[in-house]
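Presented below is the structure to which this report refers.
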Amino acid sequence: MTAAEPALREAAPAKVNLYLHLCGRRADGYHLLDSLAVFPAIADRLTGGPGQGLSLQIGGPFGDGLAADPGNLVLRAARALAGAHGRAPDAALRLDKHLPLASGIGGGSSDAAAALRLLSRLWGVAIPEGLALSLGADVPVCLGAPRPRCMAGIGERLAPAPAMPEFWMVLVNPGVAVATGAVFAAVERRENPPGPKPPPLPDFAALTGWLARQRNDLQPAAVSICPAIAEVLTALEGAPLTRMSGSGATCFALHEGEWGALAQAARLRLSRPGWWIVVAPVEPMPRP
């Protein structure tokens, strides 16, 4: 890249499932779900520009755990988009990994979506319908603007979330990777009722009151595989609402204001210095 060709940049924010209802399984093995996803302001960072061939450098706090091998979702996204347009996947990419791996907050899926957005701009091509889903069930919800979304089907049926207030989130991961496939395999009950359609949630009390009546149907299976999740949930007690995200092991606590979230995070960092602990806002609409 030269001064005339500045790097393009894309954020790949965390995706947090405020609830996740498991509603069955299709004949092809994909699970049906009902979920409300939000995107707190903590993200991996992808940069890129023209290149000869396709290359990917990986850095950041969690970069050591990720390889630029053929299975890497950023590289898969690049090859898929190039292939859809019959062109060579020429790009020099760098991923700075700030989200823990295999942690239930959609890091890999969000990285793939960021790659599609960045390369669409770099190459001047459209992202074909269905391409994001071919890379993973969580990629479609990560592809658009990072605003709250209702998810259904295997994750590809997206709808706007109801009106809700801004709030703050404490995200905690005990430093244990949890394989999504293992969690789904350990689920005892796959046919659960979906929740009601979310109503307008005008303030924080309405939001947490309604969420408290929802579930994460993967949580019991994840705890059976990774008991540290139960320890995290216990440590988060006292917040207005706590739950595991996705298939774990990351859990979250919701707070109405920044100071409550910062205070809880500070206490946790003193008692659990080895845990990944982040405070971030969640906004109903993306930042301008």
For residue 14, net neighbour charge (Lys/Arg +1, Asp/Glu -1) across residues whose Cβ lies under 13 Å away: 0
How would you rank 37-47, 9-19, 272-282, highest first, on the average number of other Cβ atoms within 10 Å across their residues? 9-19, 37-47, 272-282
If you find the alpha carbon centre of segment 4-60 and of segment 171-249, how far apart are they in angstrom? 20 Å
When Lys and Arg each count +1 and Asp and Glu each count -1, what net charge do the other residues less than 9 Å away from residue 95, Cβ to Cβ, add up to? 0
Based on other C-beta atoms within 10 Å, arrange 233, 56, 119 from fewest to most. 233, 56, 119
Determine the relative contact order of the chain: mean sequence separation of Cα pairs under 8 Å and six or more apart, normalised by residue count, in whole percent. 23 percent
What is the magnitude of the charge dipole of the chain about its Cα centre, with +1 placed on the Cβ of each Lys and Arg, -1 on the Cβ of each Asp and Glu, and no other charges, expressed in debye to the nearest 20? 180 debye
Using the Karplus curve 6.51 cos²θ - 1.76 cosθ + 1.60 with θ = phi - 60°, work out ³J(HN,Hα) for each residue of segment 64-81 in order, rounded to whole Hz, and write x for Gly and Pro. 5, x, 10, 10, 8, 9, x, x, 4, 5, 5, 5, 4, 4, 4, 5, 5, 5
Counting only Cα atoms, I'd like the Rg/Rh figure for segment 162-282, Kirkwood definition for Rh. 0.98
From the phi of every residue in segment 13-20, what ³J(HN,Hα) in whole Hz does the Karplus formula 6.51 cos²θ - 1.76 cosθ + 1.60 yield, where θ is phi - 60° and glycine or proline is x? x, 4, 10, 10, 8, 5, 8, 8
For segment 8-152, projected area of the alpha-carbon convex hull averaged over all directions, nm²: 8.6 nm²
Tell me, what ³J(HN,Hα) does each residue in segment 149-160 have, in order and in whole Hz, if you take phi through Karplus 6.51 cos²θ - 1.76 cosθ + 1.60 with θ = phi - 60° and put x for Gly and Pro? 9, 8, 10, 8, x, 8, x, 8, 8, 10, 9, x
Where does the charge balance sit around residue 217 when Lys and Arg score +1, Asp and Glu -1, over other residues with C-beta under 9 Å from its C-beta? +3
Once the dipole of the chain is set up from charges on Cβ (+1 Lys and Arg, -1 Asp and Glu), the residue from the list 176, 162, 42 lying farthest towards its positive end is 162
Dmax and Rg, reported as Rg then Dmax, of the chain (C-alpha, Å): 18.8, 57
Taking the Cα centre of segment 162-282 as origin, work out the dipole magnitude from +1 charges on Lys and Arg Cβ and -1 charges on Asp and Glu Cβ, in debye rounded to 20. 180 debye
Per-residue ellipticity at 222 nm for the chain, helices alone: DSSP H runs ≥ 4 residues times -39500 (n - 2.57), over residue total, nearest 500 deg cm²/dmol? -8000 deg cm²/dmol
Using the charge dipole of segment 162-282 (Lys, Arg: +1 at Cβ; Asp, Glu: -1 at Cβ; taken about the Cα centre), state which of 230, 252, 273 has its Cα farthest towards the positive end. 230
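Every number here is computed from the coordinates shown, using simple stated rules; none is lab data. Treat the numbers as computed from the prediction; the structure is a model and nothing was measured. Quick reminder, even Gly has a Cβ in these numbers, built from the backbone with ideal geometry, and neighbours come from all protein chains shown.
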